[in-house]
Amino acid sequence: MRDALRGSSPLMKLIDPLASTKSDQYPFIGTSRSYILPGLAGLVIVAVSIFVGMSEAFLEQFYFSYLIGWTFCLSIALGCLFIVLIKHLVRAEWIVALRRIPEAAAVSFPLLILLFIPILIGIFDTHGPYHHWTAEGIADPDSKYYDEILAGKVAYLNIPFFLTRLALYFLAWTFVSSRLWRLSLLQDVTGDPNISARLRHLSAWGLPLCGITTAFAGFDLLMTLYPHWFSTIFGVYFFSGAFLSAFCFTALTIAGLQRSGMLRGVVTAEHYHDLGKLMFGFVVFWAYIAFSQYMLYWYGGIPEETVWFKYRLQNGWETHSAILLFGHFILPFLILLPRAVKRYSLPLAIMAVWLLMMQWFDLHWQAMPVLHPDQAQFHWLDLSCWIGLVCVFVAGFLWRLSRHAMVCEADPRLDKSLRFENA
Amino acid sequence: MLKKLIQGVKATMGIYEAREDGIYGLLAEFPNPGVLIAAARKVHTSGYRHFDTHSPFPIHGMDRAMGLGQSRIGYITILGSATGLGLATWLQWWTSAVDYPLNISGKPFFAIEPSIPIMFELTVLFSALFAVGGMLALNGLPRPYNPLFYSREFTRASDDGFFLHVAASDSNFDLSATEALLKEAGAKAVEVIHDHGYSELHTT
């Protein structure tokens, strides 16, 4: 049984831990151009961004832009991981026909770790995004950088512990996602129905593990950019954006693949309908969490709590906040409400693109006022880092997808999923 | 004119008038859900509109077979949402800024931020009430009197019977032709239902 799957060569492990398994029934029929082109384009854009960004004039901007673009890709991978974990845990039937899509996107962590290197360098850089708390002498009462509040947080906010935590998160995500990937492909190859139970067992402890690490990753990667401020709901906020993006990414990918002639007759209007319902639901969930965070601080009115929102309600950032309110909640809420929008791939794909853009805008809104408190702005590096990283991420994902069956063809619940109908 | 309009509206709710001679319609029993679906499709494509199906459990695809189309419940629900949202906004503004303004730690008498939870709750509450109320209204429920109850066989609709009822008020209704159609569709028994207390059983 173990020999049924072979590992891939060491360099390829970065993108796909397993050697190609061919499928006759549900093959990837696109050409290799579909992932080589975005891959090359992405690498060039990222390389140019790094090359220009590492110059003195752009360094601070580069670190922030890169962090936002990278976190965007991370949030999609994490959201997809949650989709798969929850699917196994609740034995969801409808999603089996399209499960391979989030499954493949969730195995992106080794690639994301590689792409994390510029941020890792930034942690040690005095111009880096985390310099507010990594600065020398922050806990030393004699230093001119002494900060009483941060001195009290030094047990948590110090570089060794920070790096240890990040390593733990990456380890947990990589382990759980590649294990899910391996078992799922093993089922493809061997057809063993008992693997479904093993996937469920894995998800039972994998879900809480990934839940806690995701929440803390939200605290560590984004909240510590402005370390004076704290919000206990911030981890859930990060999760809500990630989970929403994952559904958008899945719907968008499937619409694109169907346009290229794949998954036709497998994913139907009924599956789109459910993806649309989940997109709608998590648009509301995101708004619920974002508002919960805002309202309690509004009510309390304590300066150390409201300061984070103060920066986002002045100097042009108030426009960004308003765009977020309308673009991330009110408009998608009203547009996704009618049934027809959710049942056709075109309007759903347009909404998916829009919401993914809003997810990036949301991350930009969380991070960038720390760097530019005086003037709201977009920098070309924001766009180039984001687009470059997304191209690399998508290329890795498509390449991984092309090496295996597009559908979990031996899943015992596939038949029910193919015949799925909304009641 | 008005009477005709009311009858038309009631017919969409599944409440049909009996004919002058007291005939309410035909009740056909089918052996299983599959045959019932096929029969409903046949009756619908033959041009009948005043008919309904009855089964002990919901049957997937029956709405499409009967040609029911999209439910209007969504529009009723969003009407409820707008009502709830408007009411909650007005309630909080009027009570806290107009009728009895209280200064609470310097906060504005009325502000949108603290009002949103109540606006959300009342929106959901009114949506739910309108959805349930609208569902009952569109289905003509509750309906304590229905001439179908005169049929002894019909009690099995809540146990193991699958029934299709064609109302005499349908413009295509013809006692013998409709009965022939139902039998052709696989009915194992067809009953004529009268609106004054008795039915006659035609078994095939």
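Is it possible to state the helix-based mean residue ellipticity at 222 nm for chain A, with each DSSP H run of 4+ residues giving -39500 (n - 2.57), the sum divided by total residues, to the nearest 500 deg cm²/dmol? What is it?
After summing the helix terms and dividing by the residues of chain A, the value is -22000 deg cm²/dmol.
Can you compute the modelled spin-label distance between B:F57 and B:S171, with each label point 7 Å from Cα toward Cβ, in nm?
Each label point is offset 7 Å from its Cα along the Cβ direction, giving 3.9 nm.
Report, as a whole number in µm² per second, the diffusion coefficient that Stokes-Einstein gives for segment B:21-83 at 10 °C and 1.306 mPa s using the Kirkwood radius over alpha carbon pairs.
The diffusion coefficient I find is 115 µm²/s.
Can you pull out the trypsin sites (Lys or Arg not before Pro) in segment A:253-319 that DSSP calls coil and that have at most 16 other Cβ atoms within 10 Å?
When the trypsin sites (Lys or Arg not before Pro) of segment A:253-319 are filtered for loop state and at most 16 Cβ neighbours within 10 Å, A:R264 remain.
Compute the normalised compactness of chain A: alpha-carbon radius of gyration over 2.2 N^0.38 Å, N being the residue count.
0.99
What FRET efficiency, computed as 1/(1 + (r/R0)^6) with R0 = 30 Å and r the Cβ-Cβ distance, is obtained for A:F161 and A:I302, rounded to the nearest 0.05?
About 0.65, to the nearest 0.05.
Under 8 Å for C-alpha pairs, at least 6 residues apart: give me the relative contact order for chain B, rounded to a whole percent.
Averaging sequence separation for qualifying contacts and normalising by length gives 41 percent for chain B.
Shape verdict for segment A:171-288, please, from the Cα gyration tensor: rounded (a/c under 1.5), prolate (a/b greater than b/c) or oblate.
Since a/c reaches 1.5 but b/c is at least a/b, the shape of segment A:171-288 is classed as oblate.
Can you bin every Cα-Cα distance in segment A:270-423 into 10 Å intervals starting at zero and give me the percent of pairs per bin, rounded to whole numbers?
Pair shares across the bins are 9, 27, 31, 21, 10, 2.
How high is the FRET efficiency from A:A197 to B:N139, r the C-beta distance, R0 60 Å, rounded to 0.05?
Plugging the Cβ-Cβ distance into 1/(1 + (r/R0)^6) gives 0.90.
First select every other residue whose beta carbon is under 12 angstrom from the beta carbon of A:L371; then total the charges, Lys and Arg +1, Asp and Glu -1.
After counting each charged neighbour, the total is -3.
Based on the mean of other Cβ atoms within 10 Å per residue, sort peptides A:356-365, B:149-158 so the most packed one is first.
For the peptides A:356-365, B:149-158, the packing ranking is A:356-365, B:149-158.
Which of the helices in chain A, when you take each full DSSP H run, stretch at least 18 Å along the axis at their Cα atoms and have an average Kyte-Doolittle score of 1.0 or higher?
Correct list, ordered by number: A:33-53, A:59-89, A:234-259, A:345-371, A:380-402.
Are there trypsin sites (Lys or Arg not before Pro) in segment A:115-208 that DSSP marks as loop and that have at most 13 other Cβ atoms within 10 Å, and which are they?
Here the trypsin sites (Lys or Arg not before Pro) that fit, given the DSSP loop and packing criteria, are A:K144.
Can you spot the lysines whose alpha carbon is less than 25 Å from B:K107's alpha carbon? Ignore those fewer than 8 places along the same chain.
Output for B:K107: A:K310.
What distance in nm lies between label points placed 7 Å from Cα along the C-beta direction at A:M357 and A:Y145?
Here the answer is 4.0 nm between the modelled labels.
Looking only at other chains, what is the average number of their beta-carbon atoms within 10 angstrom of each beta-carbon in B:73-80?
Counting Cβ atoms of other protein chains within 10 Å of each residue's Cβ and averaging gives 1.
For the pair B and A, how large is the buried accessible area, both sides, in square angstrom to the nearest 100, if the probe is 1.4 Å?
The summed interface area works out to 1000 Å².
Over the Cα atoms of chain B, what Rg and Dmax result, in angstrom?
According to the Cα coordinates of chain B, Rg and Dmax are 24.1, 82 Å.
Under 8 Å for C-alpha pairs, at least 6 residues apart: give me the relative contact order for chain A, rounded to a whole percent.
The value is 35 percent.
Pop a pseudo-label 7 angstrom from the Cα along the beta-carbon direction at both B:K107 and A:I36 and give the gap in nm to one decimal.
A separation of 6.3 nm, rounded to one decimal place.
Between B:F149 and A:S292, take the C-beta separation as r, use R0 = 51 Å, and let me know the FRET efficiency to the nearest 0.05.
The pair B:F149/A:S292 has a calculated efficiency of 0.50.
Excluding A:Y299 itself, what net charge comes from residues whose Cβ is under 11 Å from its Cβ, given Lys and Arg +1 and Asp and Glu -1?
Taking every Cβ under 11 Å from that of A:Y299, the sum is -1.
If you find the alpha carbon centre of segment B:128-178 and of segment A:274-299, how far apart are they in angstrom?
42
Could you work out the mean count of beta carbons from other protein chains within 10 Å of each residue's beta carbon in B:111-123?
2
In cubic angstrom, how much convex hull volume per residue do the alpha carbon atoms of segment B:53-101 span?
Taking the convex hull of the Cα positions in segment B:53-101, it is 106 Å³ per residue.
What dipole magnitude, in Debye to the nearest 20, does segment A:22-418 give about its Cα centre under +1 on Lys/Arg Cβ and -1 on Asp/Glu Cβ?
1720
Is segment B:73-138 best put as rounded, prolate or oblate by its Cα gyration tensor, with a ≥ b ≥ c the root eigenvalues, rounded for a/c under 1.5, and otherwise prolate when a/b is larger than b/c, oblate when not?
Judged from the Cα gyration tensor, segment B:73-138 comes out prolate (a/c at least 1.5, a/b above b/c).
Pull out the extension gain between A:L337 and A:S55, defined as 0.36 nm times the separation in residues minus the alpha carbon to alpha carbon distance; nm, one decimal.
Result for the pair: 96.8 nm of gain on full extension.
The values are calculated or read from the model by the stated rules, or taken from the named source; none is laboratory data. Since the structure is predicted, the reported quantities are computational estimates derived from the model, not experimental observations. Note that we place each Cβ from the backbone using ideal geometry, even for glycine, and neighbour counts take in every protein chain shown. Just so you know, the surface numbers come from the protein's heavy atoms only, side chains and all, with ligands and any DNA or RNA stripped out. Shrake-Rupley method; radii C 1.70, N 1.55, O 1.52, S 1.80 Å.
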